[in-house]
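Engineer: First the structure, then my questions, so here it is.
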Amino acid sequence: MKTLAIAANSLRRLFRDRANLFFIFVLPIVLILVLGLVFGTAFTSRVALIAPDNDDLALDIADRISSSTVFDTVEADDVETARAQLRRNDVDAVIVIPDGYRDSLLDGEAVEIAYYATPTGGGFDVRSVAEAAIAEQAAVIRAARFATVETDADAATALETARLVQGAIATVGTELEGEASSASGGQFDLGAAQQLLLFMFLTALTSSTALIQSRRLGVSHRMLSTPTSPGTIIGGETLGRFLVVMLQGVFIVLAAGLLFNVEWGDPVAAILVVTAFALTGTGAGMLLGSTFSNEQQAGGFAIFGALMLAALGGSMVPLEIFPDTMVTIAHFTPHAWGNDAFATLIRHGGGVADIGTELAVLTAYGVALVALSSSVFRRTLTR
Amino acid sequence: MADVVLECSGLRKEYGDLVAVDGVGFSIEAGETYGLLGPNGAGKTTTISIIAGLLDSDGGAAVVSGNEITTKSTAAKAAIGLVPQDIAIYPDLTARENLRFFGKLYDIGGSLNERVDEILDVIELSDRADDQTKEYSGGMKRRLNIGLGLLHKPDLLILDEPTVGVDPQSRNAILENVERLGAEGMAVLYTTHYMEEAERLCDRVGIIDEGVIVAEGTRRELVTLVGERDRLHLEVSGDASTVADAVSAIPDVESCSSAGSELEVVAVSASRALPDVVLSVNDAGLDVLTVQVSEPDLESVFLHLTGKALRE
């Protein structure tokens with residue numbers, strides 16, 4: 001009961017300050033909205049497709065790709081223009097079918113279809129569709145080539161025959177499972193996840209200043225002078241901060257879902273990620289609150305640290321554009337594991353089993369940080 | 001003999017090579033106010049921190065109401081009310097919320113609201129009970145600081161320099177409250193470096209210096225211990241030398257000297273000697289025009305014992 005009383009007291013003090021309400025509940029939602037509008041991936045990806053006009057096989061594959069309902073195709077005059085559109089995020093991918101495509105194929109030469117995409121997620125599904133279309137056409141081409149070699153038929157006749165035969169045989173199709181994997185996600189989805197992690201950690205670290213104030217004013221010592229064990233005090237202070245961060249996390253998840261139709265994927269898995277991440281943030285915040293003795297210094301460090309970890313962990317720019325070394329470094333931050341988990345849930349429709357590693361790492365981070373901060377806080381209480 | 005509420009012996013606390021408290025021991029009975037006097041850094045706050053269960057000692061023991069106190073001993077802590085030197089209250093909570101929160105930590109239970117109202121009355125904050133304490137004056141905060149220590153009706157109230165930075169009116173109110181609590185049977189451990197507070201409040205005083213209690217007793221015992229005496233200075237309506245011998249013969253008087261119409265009397269107890277001195281003057285056909293009584297204070301005792309002033 002005393003643990004709950006201490007935790008409730010932390011919540012009461014936090015929410016008494018209207019500014020805290022703004023930073024915990026309003027600002028994250030505003031940022032999700034703004035970042036989603038400015039940088040968010042469109043719900044339907046756009047693909048610039050360049051194919052030579054006088055090449056039936058090139059036009060055939062262009063038709064196959066364009067027929068996809070996963071994305072929209074747009075015309076582009078040339079490769080440079082299309083790549084410029086890609087850099088401006090006007091399109092999510094560019095597919096270039098080279099001149100002489102038909103002749104090269106029928107002559108048995110290798111043909112390279114160029115594919116350009118941003119790493120923001122939208123272009124990857126386009127690639128899957130393009131590869132499927134190419135594979136489908138390649139089967140016809142191989143049949144025509146076989147007929148040409150075996151029957152001495154000319155290439156055009158063999159190709160026509162192969163097309164006729166293709167319609168008569170069964171096709172093996174692929175079906176994409178789950179809504180999330182059939183598209184790159186909503187305009188706000190991944191941005192919301194990134195902001196969720198950024199703000200949860202920021203709140204966890206900045207709430208450490210209240211703990212420092214309690215220590216500085218002597219209130220923590222006064223609590224110890226009551227018939228309350230150090231463990232109960234530490235437990236109550238930790239629980240209070242955990243509840244604040246959890247409350248914020250759950251609020252952002254619900255508000256982003258209701259206001260921006262953000263799909264968080266498997267709700268149980270999403271809440272587990274939020275919980276494990278909140279535990280990690282709580283431990284880090286308690287450690288900060290136990291080691292610093294000045295609220296201003298701690299507040300500055302908290303903001304700097306939270307933003308640095310968020311940037312490093314892919315909560316400002318996606319991990320996909322990081323070089324390999326930076327990706328490795330990023331995974332020293334809990335944010336990277338949280339972002340990985342949400343990417344799996346949101347993009348690929350994963351469940352708890354698919355994010356087991358991420359959950360285990362986040363939980364390990366949380367338990368280690370809470371244990372360390374408890375030890376340090378106990379020393380500050382009783383020295 | 002009244003019940004002993006606090007019994008501590010051989011308390012020791014070290015910080016590396018520094019021995020902050022070295023073998024401190026004293027006891028306090030119910031209804032007794034015990035003053036722990038010493039300059040800054042003498043070891044008062046460390047001693048109090050051990051007795052309040054905020055610090056574990058490196059040696060010795062403190063027993064409060066029959067329970068040995070450590071940082072983990074909740075039973076002993078339930079018998080202690082601590083009023084720390086710092087104003088240890090939440091500035092963003094109201095007085096009522098502060099009291100309610102600590103009341104829960106003291107396990108007050110169902111009567112918490114009534115007890116909070118009682119304390120608010122005692123500390124005269126009922127009309128500001130629902131204002132955030134950051135809007136309070138220094139004196140109001142001090143009163144709340146004390147109220148939090150009284151909330152659970154402790155056997156032992158520890159007040160660590162409770163009047164530092166307080167205006168005279170609030171200071172007097174605090175001292176009156178402490179006197180009342182002592183009269184009601186509460187044991188009080190009071191630290192201060194204001195000598196007049198110790199002289200007014202404390203039944204017994206322990207003088208601590210460099211972590212050691214160098215002397216202990218009532219003010220009178222301490223004064224006697226260091227050989228200090230009361231002094232009476234009288235102005236009479238004639239030649240004072242005519243009564244000097246008679247005054248010197250009074251049992252409580254150690255010596256008497258005269259100069260013109262003035263008498264200087266050194267006595268073991270000025271209050272006991274004064275009536276006899278006045279009678280002697282009257283018997284000699286003189287009138288007493290003025291009387292000045294100066295009793296040796298704890299400041300001079302402290303100076304005598306430690307060689308330093310209390311406020312150093």
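Engineer: With θ set to phi - 60°, apply the Karplus curve 6.51 cos²θ - 1.76 cosθ + 1.60 along region B:168-177 and write out the HN-Hα couplings as whole Hz, x wherever there is a Gly or Pro.
Structural biologist: Per-residue couplings from phi come out as x, 5, 5, 4, 5, 5, 5, 5, 4, 4 Hz.
Engineer: Report the FRET efficiency, 1/(1 + (r/R0)^6), for B:V212 and B:A259, where r is their Cβ-Cβ distance and R0 is 41 Å, rounded to 0.05.
Structural biologist: FRET efficiency, B:V212 to B:A259: 0.45.
Engineer: How many nm is it between the label spots at B:V268 and A:F146, if each spot is 7 Å from the Cα in line with the beta carbon?
Structural biologist: 13.1 nm
Engineer: Which residues does a label at A:S104 reach in region A:138-165, if reach means a backbone N under 12 Å from a point 7 Å past the Cα toward the Cβ?
Structural biologist: none
Engineer: Under 1.5 on a/c is rounded, so check that first for region B:98-192, then, if it is not, pick prolate when a/b is larger than b/c and oblate when it is not; a ≥ b ≥ c are the square roots of the alpha carbon gyration tensor eigenvalues.
Structural biologist: Oblate shape, in that a/c is at least 1.5 and b/c is the bigger or equal ratio.
Engineer: Right, here's the next one. Taking 0.36 nm per intervening residue step and subtracting the Cα-Cα distance, what contour gain separates A:D77 from A:T157 on full extension?
Structural biologist: Net length gain for the segment: 25.6 nm.
Engineer: Also, I was wondering about something else. Residue farthest toward the positive end of the dipole of chain A, with Cβ of Lys/Arg at +1 and Asp/Glu at -1: which of A:L59, A:S10, A:L279?
Structural biologist: Farthest towards the positive end: A:S10.
Engineer: Is it possible to state the helix-based mean residue ellipticity at 222 nm for chain A, with each DSSP H run of 4+ residues giving -39500 (n - 2.57), the sum divided by total residues, to the nearest 500 deg cm²/dmol? What is it?
Structural biologist: -22500 deg cm²/dmol
Engineer: Let me ask another. Just to confirm the number: angle between the C-alpha axis of helix B:138-150 and the first principal axis of chain B, 0 to 90 degrees, nearest 10?
Structural biologist: Helix B:138-150 sits roughly 70 degrees off the main axis of chain B.
Engineer: Another question, if that's okay. For A:M1, B:M195, which order do you get if you count the other beta carbons within 10 Å of each Cβ and list the fewest first?
Structural biologist: Final ranking by Cβ density, sparse to dense: A:M1, B:M195.
Engineer: By how many nm would the segment from B:S27 to B:A61 lengthen if fully extended, with 0.36 nm per residue of separation less the alpha-carbon distance?
Structural biologist: The span from B:S27 to B:A61 would gain 11.1 nm if fully extended.
Engineer: Sort A:Y116, B:Y136 by Cβ crowding within 10 Å, fewest neighbours at the top.
Structural biologist: Sorted ascending by nearby Cβ count, the order is A:Y116, B:Y136.
Engineer: Also, quick follow-up: Give the angle, between 0 and 90 degrees and rounded to the nearest 10, that separates the Cα long axis of helix B:270-283 from the longest principal axis of the Cα atoms of chain B.
Structural biologist: Tilt relative to chain B: about 20 degrees.
Engineer: Something else: Work out the mean other chain Cβ neighbour count within 10 Å for the residues of B:96-105 and drop it here as an integer.
Structural biologist: What the average comes to for B:96-105 is 5.
Engineer: Any idea what angle helix A:230-260 forms with the longest principal axis of chain A, computed on alpha-carbon atoms, 0 to 90 degrees, nearest 10?
Structural biologist: The angle comes out at about 40 degrees.
Engineer: Could you work out the helix-only [θ] at 222 nm for chain B, with each DSSP H run of four or more residues adding -39,500 (n - 2.57) and the total divided by the number of residues, to the nearest 500 deg cm²/dmol?
Structural biologist: -10000 deg cm²/dmol
Just so you know, all these numbers are worked out from the coordinates, no wet-lab data involved. Just so you know, these numbers come straight off a predicted model, no measurement behind them. Using ideal geometry, Cβ is built from the backbone for each residue, glycine included, and neighbour counts are taken over all protein chains shown.
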